[in-house]
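In what follows, a structure is listed as structure tokens, so that the remarks can point back to it.
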Amino acid sequence: MTKEIPKRKIPVCSPFLNGQEMEFVTEALKDGWISSSGKYVTAFEQEFSRYCGAGYGIAVCNGTMALHLALVALGIGPGDEVIIPDFTMIASALAVVYTGARPVFVDAHPDTWNIDVSAIEAKITKKTRCLMPVSIFGNPCDMDAIKAMAQKHHLFVIEDAAESHGAEYKAKKTGSLADITAFSFFANKNLTTGEGGMVVTNDKKLADRCRYFKNLCFPLEGPRNYIHEDIGFNYRMSNLHAAIGLAQVQKADEYRAMRIKNARLYQELLKDVPGIIFQKDTSDSLHVHWMNAILLDPVLFGKTRDQLMASLAQQGIETRLLFIGMHRQPCLQRLGCDSQGAYSITDNLAFNGLYLPSASHLTDEDIRYVCQCIQRTCSCA
């Protein structure tokens, strides 16, 4: 008789707040600086951009707006095209749409699940202005190849690093690899402010344009005369959110190490389970594992992805679906985005992939429990 595993409750990804968050937020409340003016906004921008190895950071209200601001700063607009991965969260595409430009999709690489660099050049046209790779789940893209292609075709590079705080490519962190980079600090990210984002760059001119546009196009210098030369946006981050962010970035390396350790334990415990496929790292990168995602081969595993998720839910384990490809999004199809052609890798990930619990502070016991439940569900184990 199979020994019963004691049931527990494990959320898919809860935030980890074990630093000075309460102290910093309380100080901001006591001082009365709760909006976008306050010392924590400046301190967070400085500390996070320094952590990334970049010269400038511009804090904003969320990661989608960080992407939009980066595109606006580069002058992307109507009539332009921006190449993005098909396998990504829809915020990547919507940020492009907000500018009036058109997102163009490239399928995922079968091993890394990032944009397939070998397929990018075929999508470049006279309208292409920018390449916008995404470091999926914290796995850095092949940035040398992407930048070489951009240089050849005179294109900008924006890195969507919403999922890759502290990830490294050839010993350089995301945030220092592109013309401009956008991060998210949503509650489930490796570093969080609850809601929030940041644009990071080494280009002062781009940084100034971001600061200008994020604050309704008020002049960066001189008196506030309420005359606005350009259409701006209210994308400011509050001092309260920045206080949380500053406490988080102080622990960035600790949290990064926790995510990497957890991912390696998952991989070790599930390596012999038939039909379980992990995202592959590259030898010159440091993957920070925002999410512990797996791809299921239902024939080898003996159950479908949905059957596995239902089984895990019954055992108190939360999971999530992976992203549905941009080529399948009705809202983008209605805008005239080209959704023709095969996106077989993205579709396979979307229909057969899932997230396992991924919080930084998962215990080894939690991970062992999840893996035992997966093993018990597998018909072929």
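The values are calculated or read from the model by the stated rules, or taken from the named source; none is laboratory data. This structure is a prediction, so every number in the text was calculated from the model and none was measured. All Cβ positions, even for glycine, are placed from backbone atoms using ideal geometry, and neighbour counts span all protein chains on display.
Listing for the model above:
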item: 1 or more residues in contact with a Ser or Thr (Cβ under 8 Å, 6 or more places away or on another chain): qualifying strands (runs of 3 or more DSSP E) within region 263-381; result: 292-296, 353-356
item: Answer residue from region 103-124, given it is charged (D, E, K, R) and touching a helix residue (DSSP H, G or I) at 6+ places or on another chain (Cβ under 7 Å) and is nearest to residue 326 (Cα to Cα) among those; result: 107
item: Residue check for residue 187: surrounded by fewer than 21 Cβ atoms within 10 Å (Cβ to Cβ) and touching a helix residue (DSSP H, G or I) at 6+ places or on another chain (Cβ under 7 Å); result: no
item: Boolean, residue 260 is surrounded by 12 or more Cβ atoms within 10 Å (Cβ to Cβ) and not assigned by TED's automatic domain parsing to the domain that holds residue 165; result: yes
item: Lone qualifier among 107, 86 - being of a type outside the set (A, V, I, L, M), surrounded by fewer than 24 Cβ atoms within 10 Å (Cβ to Cβ) and in contact (Cβ under 8 Å) with a residue 24 or more places away in the chain; result: 107
item: Residue that is surrounded by fewer than 23 Cβ atoms within 10 Å (Cβ to Cβ) and of a type in the set (Lys, Arg), where the choices are 204, 214; result: 204
item: Region 239-267 residues that are under 14 Å from residue 291 (Cα atoms), paired with ones that are of a type in the set (A, V, I, L, M) and not in a loop (DSSP other than H, G, I, E, B) (beta carbon under 9 Å, 6 or more apart); result: 256/286; 260/286; 262/367; 265/367; 266/294; 266/356; 266/367; 266/370
item: Within region 147-171, considering residues that are in contact (Cβ under 8 Å) with a residue 60 or more places away in the chain and part of a loop (DSSP other than H, G, I, E, B), the one surrounded by the fewest Cβ atoms within 10 Å (Cβ to Cβ); result: 170
item: Matching residues, region 101-115, being among the β-branched types (Val, Ile, Thr) and assigned to a strand (DSSP E or B); result: 104, 106, 115
item: Boolean, residue 14 is polar (S, T, N, Q), modelled with pLDDT of 95 or more and either part of a loop (DSSP other than H, G, I, E, B) or more than 16 Å from the chain's Cα centre (by Cα) (or both); result: yes
item: Answer from 59, 28 - the residue that is of a type outside the set (Phe, Trp, Tyr) and within 30 Å of residue 170 (Cα to Cα); result: 59
item: Filtered residue count, region 19-51, keeping only those that are among the basic types (Lys, Arg) and either over 29 Å from residue 204 (Cα atoms) or surrounded by 21 or more Cβ atoms within 10 Å (Cβ to Cβ) (or both); result: 1
item: Which numbered condition residue 340 misses (of (1) farther than 30 Å from residue 52 by Cβ; (2) buried (at least 17 other Cβ atoms within 10 Å of the Cβ)); result: (2)
item: Selected residue [buried (at least 21 other Cβ atoms within 10 Å of the Cβ) and either at pLDDT below 95 or farther than 23 Å from residue 254 by Cα (or both)] from 59, 54, 93; result: 93
item: Output for region 218-253, where each listed residue is over 12 Å from residue 185 (Cβ atoms), surrounded by 13 or more Cβ atoms within 10 Å (Cβ to Cβ) and under 19 Å from the mean Cα position of the chain (by Cα); result: 235, 251
